[in-house]
Amino acid sequence: MTKALSDLSDEALAVFAFAAYHQLTSGQAVRSVVQRDGVGHKASDKAVAELRERGLIQADGQEIVFTNKGEEALQAVIDGIRNARGLA
């Protein structure tokens, strides 16, 4: 796992897990995810602040956009998931 992810809170990691899920299920590169969907689902404000402070995302209250560094971190999460297949 990259240094950018090594000490993130679980709430912040959940943003990457959500994005990884969508990328893995769609087969399409994910560069952004919804921050607040209007029907009660939203990313933690604390997680958004943490990721923004680390330069991993930009967020406007509705959408979370991964920066280049954030996209690299997301790819590391996906690689980690794929590598975990060998652990079973």
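The values are calculated or read from the model by the stated rules, or taken from the named source; none is laboratory data. Small disclaimer: the values here were computed from a predicted structure and weren't measured. Reconstructed Cβ throughout: ideal geometry from the backbone, glycine too, with neighbour counts over all protein chains shown. Ligands, DNA and RNA are excluded from the accessible area calculation, which covers all protein heavy atoms including side chains. Shrake-Rupley method; radii C 1.70, N 1.55, O 1.52, S 1.80 Å.
Treating only the Cβ atoms of Lys and Arg (+1) and Asp and Glu (-1) as charged, compute the dipole magnitude of the chain about its Cα centre; round to the nearest 20 debye.
Around 200 debye, computed over the chain.
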Heavy-atom accessible area ranking, 1.4 Å probe, most first, across 41, 22: 41, 22
Stretchable slack from residue 9 to residue 29, in nm (0.36 nm times residue separation minus alpha-carbon distance): 4.8 nm
Integer Hz, Karplus 6.51/-1.76/1.60 couplings in order for region 13-24, x for Gly and Pro: 4, 4, 4, 5, 4, 4, 5, 4, 4, 5, 5, 5
Phi-based couplings in Hz for region 74-84 (Karplus 6.51, -1.76, 1.60; Gly and Pro marked x): 4, 5, 5, 4, 4, 4, x, 5, 5, 5, 5
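By how many nm would the segment from residue 53 to residue 72 grow when fully extended, if each residue of separation counts as 0.36 nm and the alpha-carbon distance is taken off?
Details: separation 19, 0.36 × 19 = 6.84 nm, distance 1.63 nm.
Using 0.36 nm per residue and subtracting the Cα-Cα distance, I get 5.2 nm.
Quote the charge dipole size of region 22-69 about the Cα centre in Debye, to the nearest 20; the model charges only the Cβ of Lys and Arg (+1) and of Asp and Glu (-1). The partial results should precede the final answer.
Details: 7 positive and 6 negative charges, 25 e Å.
Rounded to the nearest 20 debye, it is 120 debye.
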Diffusion coefficient, µm² s⁻¹, Stokes-Einstein with Kirkwood Rh over alpha-carbon pairs of region 18-88 at 10 °C and 1.306 mPa s: 123 µm²/s
Farthest positive-ward along the chain dipole, Cα basis, beta-carbon charges - from 14, 78, 66: 78
